[in-house]
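Structure first, commentary second.
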Amino acid sequence: MASYFENSSDALVPDALKGFARAHADLVTLDPEYGFLLSRTAAPSRRVALLSGGGAGHEPLHAGYVGRGMLDAACPGRVFASPHNRQVYEGSLAAAREEGVLHIVKNYTGDRINFGIAAERLAHRGVPCARVLIDDDLASDSADIASGRRGTGGTVLIEKILGAAADTGLGLTELQELGTRLAGRCRTLAVASAAHTAPTTGEPAFPLATGELEYGVGIHGERAQETVPREPLRGLVERMTAALLDALAPQGPVIALVNGLGAVTPLELYAVHGELAALLDARGTDLARALVGDYITALDMRGFSVTLLAADPEILSLYDAPVHTAALRW
């Protein structure tokens, strides 16, 4: 029995994109042939367009961040699948400014391949293109994982900051350098008490017993390296926070994202944030900015992630710059 409200498994993503574009017609347009979303409201001061993309199922990422102050275009693939290189190529052509386009790519093999092919085709057309690779997932920071750390929650913060920087008129190389620096200053950890529902089977993507947590779960349902006994929230957040701070060793303020993975309530997320803030205070780490809510999900996974980004005055100023998208605005 189907677990999602859909006309068919093949129709869900295109149907959702049509609905999204209709609901936010003041912000985006949907290309009917290639399925990319294009901003209606990008700043005229931009010399470089920003394009990101990845599998559906992570909403509001990436479509929800197309608009003023963030992305010029987004390319959603099928559920948990990379967008096709033709989709990325056509979206890049449509969005590109006079100094080209910057691809913001989460570190997954399919994304790297398809964005890479699109970049090669853009080069043949004479369109400048560069890439920022986001690899913030601390749980996959292991020599045993050949592809390296996965791209997860940090994507939202980096897209926001790069969007503000692009609005100041930075060039392609400058934006790539800033994005690479941001990626190096950002780490994320995620946990789950239940897997997402697999669209193909209607069953949990992996088994997890009552009283167990998947510590270090991925946003596509990748199993963690360890399954741990469930404990009170304070101890869990303390373990996650300590690991993130040890990895980053921030020398100044941090930006935090407490993110729901699809089926955790706002009540719980704010409790997580309260514990995180208290722990950072106790460590003498300045929690300068924070986001709490569902910003990058994994369908209906019952879990949450914590992201920390080591900031400085320039980064905070860019983070604070105005933004107006379907999912983020101030």
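The values are calculated or read from the model by the stated rules, or taken from the named source; none is laboratory data. This is a predicted model, so every value here is computed, not measured. Cβ atoms come from the backbone with ideal geometry, glycine included; neighbour counts cover every protein chain shown. Just so you know, the surface numbers come from the protein's heavy atoms only, side chains and all, with ligands and any DNA or RNA stripped out. Shrake-Rupley method; radii C 1.70, N 1.55, O 1.52, S 1.80 Å.
Below, the figures for the structure above:
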{"quantity": "Residue in the range 303-318 that is over 21 Å from GLU159 (Cβ atoms), in the same structural domain as ALA198 (by the TED database) and not β-branched (Val, Ile, Thr) present", "calculated": "yes"}
{"quantity": "THR109, sole failed condition from (1) modelled with pLDDT of 95 or more; (2) surrounded by fewer than 19 Cβ atoms within 10 Å (Cβ to Cβ); (3) farther than 30 Å from ASP320 by Cβ", "calculated": "(1)"}
{"quantity": "Condition met for LEU50 (of a type outside the set (Gly, Ala, Ser), without any contact (Cβ under 8 Å) to a residue 60 or more places away in the chain and touching a helix residue (DSSP H, G or I) at 6+ places or on another chain (Cβ under 7 Å))", "calculated": "no"}
{"quantity": "Residue match in the range 195-206 (condition: without any contact (Cβ under 8 Å) to a residue 60 or more places away in the chain and under 21 Å from LEU279 (Cβ atoms))", "calculated": "no"}
{"quantity": "Qualifying positions in the range 161-176 - in a helix (DSSP H, G or I) and hydroxyl-bearing (Ser, Thr, Tyr)", "calculated": "THR173"}
{"quantity": "Hits in the range 179-207 (condition: open to solvent by less than 10 Å² (accessible area, probe 1.4 Å) and either farther than 25 Å from GLU268 by Cβ or β-branched (Val, Ile, Thr) (or both))", "calculated": "GLY179, LEU182, ALA183, THR188, VAL191"}
{"quantity": "Some residue of the range 277-294 being closer than 27 Å to ALA43 by Cβ and among the basic types (Lys, Arg)", "calculated": "yes"}
{"quantity": "Some residue of the range 131-148 being within 28 Å of VAL88 (Cα to Cα), modelled with pLDDT of 95 or more and of a type in the set (S, T, N, Q)", "calculated": "no"}
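Every residue, every condition in (1) crowded, with 21+ Cβ neighbours inside 10 Å; (2) touching a residue at least 40 places away in the same chain (Cβ under 8 Å); (3) hydrophobic (A, V, I, L, M, F, W, C), yes or no:
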residue: ILE219; (1), (2), (3): yes, yes, yes
residue: ALA242; (1), (2), (3): no, no, yes
residue: GLY260; (1), (2), (3): yes, yes, no
residue: THR265; (1), (2), (3): no, no, no
residue: ARG289; (1), (2), (3): no, no, no
residue: ILE296; (1), (2), (3): yes, yes, yes
